[in-house]
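Chemist: Structure below; questions to follow.
Derivation of every value follows stated rules applied to the coordinates shown; laboratory data play no part. Treat the numbers as computed from the prediction; the structure is a model and nothing was measured. Please note: Cβ atoms are built from the backbone with ideal geometry, for glycine as well, and neighbour counts cover all protein chains shown.
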Amino acid sequence: MTTTTTALAQPASPLKRITRVTKLHFANPWTTLGLPWIILGVIFAGSLTIWWLIYSALSPEQREGALEGTEFGGSSFFIFIYMMVVAIQAISITFPFALGYGVTRRDYYLGSALAFIALAVIYTTGLTVLGAIEKATNGWGMGGTMFAPIYFGESAPERIFVTFVLFLFFLFFGSAIAAVWVRWKATGVTMFFIIVGALLVGLIALTTFTDSWAAVGSTLVDLGVLGVAAWSLVLTAISGFAGFVLLRRATPRNAA
Amino acid sequence: MTPTIEVTNLSKHFGKVNAVNDVSFTVEENKIYGLLGRNGAGKTTLMQLLTGQEFASSGTISLFGQPPVENAKVLQNTCFIKESQRYPEDFRPKDVFKTAPWFFANWDQEFADRLIADFRLPLDRRIKKLSRGQLSSIGVIVGLASRAPLTFFDEPYLGLDAVARQIFYDRLLEDYATHPRTVILSTHLIDEVSNLLEHVLVIDDGKLLINEDAETLRNRATNVVGMKTAVEAFIGNREVLHRDGIGGLSSVTVAGLSESERRDAHAAGLELSPVSLQQLIIELTRTETKEFEASA
């Protein structure tokens, strides 16, 4: 029988330490990649059915422009909100797990951030392809709009940018919420939303009392979809940084 | 050479609660340590401190000569399996065993496969559908197959039946013989693990009560059984840890006896028997509590 004293591991390279956490988020792709596309598919199938019902009930002359209103539809919005949920779930569940495997909080967070950027790329690609098909087939042959609504911009590059930036925002906002959850559980998240809510109400009050709604409106119009999307990057960066700072002092606990 | 773990005056307070209170000890390389104590004694907090999951209020910790907090170089040599360890909900056991090798340089897949068969763990079932015992066996398998130079098991066998627990002890000992490493095992089931342990740390109310070689500890006390008068005559002013009696018979647990004292006892017609580690720890912690209360 040979006895080999367990040697200390050679330190893994920093990149490897980070990417293995990234891979961990995709080890079972059901939550991050499977379920969201399935739900999106179901919503799409539902929309197609409704469009078809409307379309077939109309005479050929009436069909022209009948589904124009769907340009302002929000049926693909769910996917953005859902990405926030995915980020919250991913962190709150894999954080205690990964730390047991001897991962540092820093490597964990950087690896997770990389996973979120990868998710944003994957979903942006998906929505872009579907949006392009939608445009090319003149709204799935019926003039309907689901994947390329007007708020995502008018040209394909615009839509790609806006979609990507929105995904980033929701994923990193989710990671900040998850970090609050991991550290302070339900009490913390409640406090977090009370504070965010108070800030929003404060901003609304400030705008109202200074009579600057018109100015806000014109600024938003001036910025345009692209400008507003670009500014969201500031919030994304703040969320991402806050998540990092909070998680670095967090301790995994069992109880919810 | 540097001890695997060196802890000096370590304390952790949560508000007014002293979960770990001024604890100092060292852990030597390639030994199996038992971290014993009652519920809420501070075992888990101590393990979390050692693995950098919890932040110390004061004192220092060194693992392989370095502080563990956020230290990838040190932490990648550790594996910490917690009581009711949580796994990502949509994972199946096979996802756990697919990802674990990414994190442990010494992972042994063959050993893992053998353990999976030993524990009869279904690989394809979702984590949330597994029983408590099956969940625990995942942790035990990861902890063993990872072969981390420093492995922590915190009450790893919640819900495991006696057969499965015995498999765990057997495999741990076998594998430890061929791949020596440092293991820290926290448990309530002291008698079950008592043959496994080489060194015992007992923590109570955040304080380290006992830090002793298991062999020395086992010799620390003896049961003396016989006629009440003979027993009383023999023990004299000795420190009595525990006293029991029925009618004219008496059974007394006393602190360690020398060879000549043993001979005297036999000559007096008394029967001597070793005290189980569990019994001993119960009695020692009880005594210390009493002493503590008396001095308070």
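Chemist: Just rank A:Arg20, B:Arg125, fewest to most, by other beta-carbon atoms within 10 angstrom.
Modeler: Listing A:Arg20, B:Arg125 from fewest to most nearby Cβ atoms yields B:Arg125, A:Arg20.
Chemist: Determine ³J(HN,Hα), in whole Hz, for all residues of the stretch A:155-163 in sequence, where each value follows from phi through the Karplus function 6.51 cos²θ - 1.76 cosθ + 1.60 and θ = phi - 60°; x replaces Gly and Pro.
Modeler: Whole-Hz 3J(HN,Hα) from phi for the stretch A:155-163: 9, 4, x, 4, 4, 4, 4, 4, 4.
Chemist: Continuing with the same structure: Please compute the contact order of the stretch B:63-221 in relative form: average sequence separation of alpha-carbon pairs under 8 Å and at least six residues apart, divided by the residue count, as a percent.
Modeler: About 23 percent, as a whole number.
Chemist: Let me ask another. For each of A:Met142, A:Met191, B:Met47, A:Met83, count neighbouring Cβ atoms within 10 Å of the residue's Cβ, then give the residues from fewest to most.
Modeler: By the 10 Å Cβ count, ascending, the order reads A:Met191, A:Met142, B:Met47, A:Met83.
Chemist: If I model a spin label at B:Glu271 and B:His188 as a point 7 Å from the Cα along the Cα→Cβ vector, what separation in nanometres do I get?
Modeler: According to this spin-label approximation, the distance is 3.1 nm.
Chemist: From the residues A:Val103, B:Ser251, A:Val86, which one has its Cα farthest along the dipole of the protein assembly as shown in the positive direction, the dipole being from +1 and -1 charges on Cβ of Lys/Arg and Asp/Glu about the Cα centre?
Modeler: A:Val86
Chemist: Mind checking the dipole of chain B: about its Cα centre, +1 per Lys or Arg Cβ, -1 per Asp or Glu Cβ, Debye to the nearest 20?
Modeler: 920 debye
Chemist: How large is the dipole of the protein assembly as shown about the Cα centre if only Lys and Arg carry +1 and Asp and Glu carry -1, each at its Cβ, rounded to the nearest 20 debye?
Modeler: It works out to roughly 480 debye.
Chemist: Could you name the lysines whose alpha carbon sits less than 20 Å from that of B:Lys129, not counting residues in the same chain fewer than 8 places away?
Modeler: B:Lys82, B:Lys94, B:Lys98
Chemist: While we're on this one: Return the loop-located GluC sites (Glu not before Pro) in the stretch B:1-54 (DSSP other than H, G, I, E, B) with at most 16 other Cβ atoms within 10 Å of their own Cβ; answer none if there are none. Mind showing how you got there, number by number?
Modeler: On the way: sites: B:Glu6, B:Glu28, B:Glu29, B:Glu54; in loops: B:Glu28, B:Glu29, B:Glu54.
Passing sites in the stretch B:1-54 are B:Glu28.
Chemist: Something else: Fewest first, what order do B:Ser136, A:Ser155, A:Ser239, B:Ser58 take by the number of other Cβ atoms within 10 Å? Display every interim value, and only then the final one.
Modeler: Values: B:Ser136 25, A:Ser155 8, A:Ser239 22, B:Ser58 12.
Neighbour counts put them in this order, fewest first: A:Ser155, B:Ser58, A:Ser239, B:Ser136.
Chemist: Which of the GluC sites (Glu not before Pro) found in the stretch A:81-161 are loop residues per DSSP with 16 or fewer other Cβ atoms within 10 Å of their Cβ?
Modeler: Numbers: sites: A:Glu134, A:Glu154, A:Glu158; in loops: A:Glu154.
Answer in residue order: A:Glu154.
Chemist: Roughly what angle does helix A:35-57 make with the longest principal axis of chain A, taking Cα atoms, 0 to 90 degrees, to the nearest 10?
Modeler: Tilt relative to chain A: about 10 degrees.
Chemist: Shifting gears a bit: Out of B:Leu270, B:Leu280, B:Leu63, any idea which swings most in a Gaussian network model of chain B, alpha carbons joined below 10 Å?
Modeler: B:Leu270
Chemist: Using Cα-Cα distances under 8 Å and only pairs 6 or more residues apart, what relative contact order does chain B have, in percent?
Modeler: 19 percent
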